[in-house]
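K.L.:
I'd like to ask some things about the structure below.
Nothing in this text is a laboratory measurement; each read-out follows from the coordinates by a stated rule. Every value quoted in this text rests on a predicted model; they were computed, and no experiment measured them. As a convention, Cβ positions derive from the backbone with ideal geometry for all residues, glycine included, and neighbour counts pool all protein chains shown.
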There are 2 protein chains.
Amino acid sequence: MEIAHPYLLFLGDVPDALAAKTAIGIVDWRKDWCLGQVRLQGCAADTGLPDMKIAEGAAAGAKTMIIGAVNAGGRLPDHWVASVIEALDSGMDVASGLHVRLGDIPAIREAAERNGRSLHDVRHNDMTFATGKGTKRQGKRILAVGTDCSVGKKYTALAMDRAMNERGYNSTFCATGQTGVFISGRGVALDAVVADFISGAAEWISPETEAENWQIIEGQGSLFHPSFAGVTLGLLHGSQPDGFIVCHEPTRTKMRGVETPLPTIQQVIDMTIQCGRLTNPDIRCIGIAVNTAALDKDEALAFLAKVGEKHGLPATDPVRFGMDAIVDKVSAEFGAP
Amino acid sequence: MEIAHPYLLFLGDVPDALAAKTAIGIVDWRKDWCLGQVRLQGCAADTGLPDMKIAEGAAAGAKTMIIGAVNAGGRLPDHWVASVIEALDSGMDVASGLHVRLGDIPAIREAAERNGRSLHDVRHNDMTFATGKGTKRQGKRILAVGTDCSVGKKYTALAMDRAMNERGYNSTFCATGQTGVFISGRGVALDAVVADFISGAAEWISPETEAENWQIIEGQGSLFHPSFAGVTLGLLHGSQPDGFIVCHEPTRTKMRGVETPLPTIQQVIDMTIQCGRLTNPDIRCIGIAVNTAALDKDEALAFLAKVGEKHGLPATDPVRFGMDAIVDKVSAEFGAP
């Protein structure tokens, strides 16, 4: 799937920043591809990009409007449809990470056909996967896992990939979610794959590579999230990681969207090792990545020091303090590049 | 989905009985709905039904030909297509549990349209599910789990449902696979659901019911199978069982289709409890169901006695020795009907 940039990011009228994490993630890693954001009245998210009307984005040269916000269940609210049609009528392609296919909405399909534009649904693909085999593949792999959804697994994997490359490792980011696909231009939205092929798709996402190469694989969900743990387990088995990083958000009290209590970091480490051994007996935790956005700097540093000491692992906030501590751990455990 | 009977069962030319488990399962539970079997040259499976040509089945009054055999990956071999078309031209509907949609094959679609017949793809459905919520639902639930795929989980659940009803409980079998849907006329093939909705679909399959009612839920895969564990975990979380039965095949040395070694029954019990507590803190193992087909009767009884004693649980072969021992356990743990 090839998605043309520059991008115009559509945020709709979502009620919080988490719901716009697709757009925010794109801006974090590909700001130079983004011209502006389109927000409807009542939108509580902000990427920091200039606000634009769709016509202004088109005039500025945007090639694709990306629906950079999601609502529960991945549906497209009726009142967003007009904006999608306006973008198509302005000459842009439209890309979406929603569960619904843009082309399944007749007015959108007609507008795309009328204007000769493309609709990209990154959660959908027509690829066929084999079922997972579970056999060891050459190359080294790191998977981001989490105590919950939306705790920074994608960000952590992207930051780790960048830090690994800066330190001289040959590393590739492997996308498993829609934002990751927008950022990397490749990958599969794993939660949209037919259930029988989750681990097979994960094997395809992180294929055999040179022995000295590293793949840094975006995580999905949590083994402790009652909605999505199946995806998480299939990804763990398919990606057969040598090392994993536990991602955590310290102010969360319940799993996102449900009433289930949050697991501890130690529970996640133990369960990930226990399950991950099925396809990689040498799996180990190599660090903890904490989203400390809700803490001031001293609180954040104190929290990271406490967590790191408790688990005997490097603990960092990828956004604030970088990934060097965890790359050091990779070097100590697996050797210098 | 309504599938008209009597059935004619198509076995193709599959190389072993396991590959025809759909047909064999239908015969085990709905023999009175089945007129005969259609086998191509080289077929090594046998349901025990009379062999028929398709024309003979049609003449005998078959309303639906069911493709009762699967090959790896769920594809429809090219040389089976002619048989499907012949059935449609003979006036039958055709139902399939393969991953591929019958209607995606143009010659089949044309034959169905030409004859005004229906194509049923029980692995596919156009239903929309919510994501799993993980909240407790009224009613009592039993899930069949396994040390591997194809170790008798469906059979065990059907036998348990029948035994529960015979003993005065109000019990319903809940199908999660294609054969189960053929047998019960309802349910969802869970492995075909989009990954994000596995546990949500499992919640739909076993909905809230009267407090004294029981749902006996067909299991899928194994938490220790590297191809399918994600489906297994989502089903476990969504079905929030009060009790589970571990299904096992004692002569198996590797997980079916892969090189992964088989887990022990104790590993399956421990991991199922550990994971299942997320949505039902009171989850417990209520019995062990062993497929002893490869053992003679004395060996089977000795094996069951040994396994039962080792785990402090009733152990039986549902086919040979019935489910009374496990219904007794239900009565002891949860009360008489």
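K.L.:
Between beta-carbons, use under 14 Å as the cut-off and find the net charge around A:Thr176, counting Lys and Arg +1, Asp and Glu -1. Mind showing how you got there, number by number?
P.N.:
Numbers: positive: A:Arg123, A:Arg141, A:Lys153, A:Lys154, A:Arg186; negative: A:Asp161, A:Asp191, A:Glu203, A:Glu218, B:Asp196.
With Lys, Arg at +1 and Asp, Glu at -1, the neighbours total 0.
K.L.:
What does the charge dipole of the protein assembly as shown about its Cα centre add up to, to the nearest 20 debye, if the Cβ of each Lys and Arg holds +1 and the Cβ of each Asp and Glu holds -1?
P.N.:
Charge dipole of the protein assembly as shown: 480 debye, to the nearest 20.
K.L.:
Also, quick follow-up: 7 Å from Cα along Cα→Cβ at both B:Ala60 and B:Asp32: what's the point-to-point distance in nm?
P.N.:
In this crude spin-label approximation the distance works out to 1.8 nm.
K.L.:
Within the stretch A:5-35, find all residues whose amide N lies under 19 Å from a label point positioned 7 Å from the Cα of A:Asn115 along Cα-to-beta-carbon.
P.N.:
A:5-13, A:34-35
K.L.:
Once the label point is placed 7 Å from Cα along Cβ, list for B:Asp298 the distances to the corresponding points in the other copies, in nm, shortest first.
P.N.:
Going from nearest to farthest copy, the values are 8.0 nm.
K.L.:
Please state the charge dipole magnitude for the stretch A:140-334, taken about the Cα centre, from unit charges on C-beta atoms (+1 on K and R, -1 on D and E), reported in debye and rounded to the nearest 20.
P.N.:
The dipole magnitude comes to about 240 debye.
K.L.:
For the residue pair B:Lys254 and A:Ala211, what label-to-label distance in nm results when each label sits 7 Å from Cα along the Cα-to-beta-carbon direction?
P.N.:
Spacing of the two 7 Å Cα→Cβ label points: 2.4 nm.
K.L.:
How far is A:Lys254 from the same spot in each other copy, in nm, shortest first, if each label point sits 7 Å from Cα toward Cβ?
P.N.:
The answer, with the shortest distance listed first, is 4.7 nm.
K.L.:
Under a Cβ-only charge scheme (Lys and Arg +1, Asp and Glu -1), can you give me the dipole magnitude of the stretch B:98-145 about the Cα centre, in debye to the nearest 20?
P.N.:
Numbers: 10 positive and 5 negative charges, 114 e Å.
Around 540 debye, computed over the stretch B:98-145.
K.L.:
Calculate for chain A the 222 nm mean residue ellipticity that helices alone would give, adding -39,500 (n - 2.57) per DSSP H run of length 4 or more and normalising by residue count, nearest 500 deg cm²/dmol. Spell out each step's value before the answer.
P.N.:
Details: 12 runs with 118 residues, N = 337.
Estimated from H runs of four or more residues: -10000 deg cm²/dmol.
K.L.:
Once amide H atoms are placed 1.01 Å from N in the peptide plane, what residues at a sequence separation of 5 or more from A:Gly36, or on another chain, have their amide H within under 5 Å of its amide H?
P.N.:
So A:Gly36 has HN proximity to A:Leu9.
K.L.:
Separate question: Which three lengths, in whole Å and largest first, does chain B cover when its Cα atoms are put on their principal axes?
P.N.:
Projected onto its principal axes, the Cα set of chain B covers 57, 47, 41 Å.
K.L.:
How far apart, in nanometres, would the label points at B:Leu18 and A:Arg277 be if each is projected 7 angstrom from Cα along the Cα-to-Cβ direction?
P.N.:
Between B:Leu18 and A:Arg277, the label points sit 2.5 nm apart.
K.L.:
List every residue whose amide H lies under 5 Å from the amide H of A:Cys174, counting only residues 5 or more places away in sequence or on a different chain, with H placed 1.01 Å from N in the peptide plane.
P.N.:
Under 5 Å from the amide H of A:Cys174 lie the amide H atoms of A:Ile216, A:Ile217, A:Glu218, each far enough along the sequence or on another chain.
K.L.:
Loop-only GluC sites (Glu not before Pro) in the stretch A:1-97, please: DSSP not H, G, I, E or B, and at most 15 other Cβ atoms within 10 Å. Kindly include the intermediate steps, with their values, before the conclusion.
P.N.:
Values: sites: A:Glu2, A:Glu56, A:Glu86; in loops: A:Glu2.
Sites meeting the loop and neighbour criteria: A:Glu2.
K.L.:
While we're looking at this one, here's another question. I'd like the mean, over residues of B:197-207, of how many other protein chain beta carbons sit within 10 Å of each residue's own Cβ.
P.N.:
So the per-residue partner count for this stretch is 3.
K.L.:
For A:Arg141, which sequence-distant residues (separation of 5 or more, or a different chain) have an amide H within less than 5 Å of its own amide H, given hydrogens modelled in the peptide plane?
P.N.:
Here the answer is A:Gln215, A:Asp242, A:Gly243, since their amide H atoms fall under 5 Å of that of A:Arg141.
K.L.:
Under 14 Å Cα-Cα from A:Lys136, which aspartates and glutamates qualify once same-chain neighbours fewer than 8 residues away are excluded?
P.N.:
In chain and number order, the partners are A:Glu203, A:Glu208, A:Glu210, A:Asp242, A:Asp282, B:Glu259.
K.L.:
What GluC sites (Glu not before Pro) in the stretch A:250-337 are in a loop by DSSP, with at most 15 other Cβ atoms within 10 Å of the Cβ?
P.N.:
A:Glu259
K.L.:
Still on this structure, I have one more. If we hang a label 7 Å off Cα along the beta carbon direction at A:Glu110, how far is it from the matching labels on the other copies, in nm, shortest first?
P.N.:
With the label placed 7 Å along Cα→Cβ, A:Glu110 yields 3.2 nm.
K.L.:
Could I ask something else about it? Quick check: net charge around B:Asn115, other residues with Cβ under 10 Å of its Cβ, Lys/Arg +1 and Asp/Glu -1?
P.N.:
Taking every Cβ under 10 Å from that of B:Asn115, the sum is -2.
K.L.:
Shifting gears a bit: Identify, among B:Leu98, B:Trp29, B:Ala60, the residue whose Cα sits farthest towards the positive end of the charge dipole of the stretch B:1-158, taking +1 on the Cβ of Lys and Arg and -1 on the Cβ of Asp and Glu, with the dipole about the Cα centre.
P.N.:
The residue sitting most towards the positive pole is B:Trp29.
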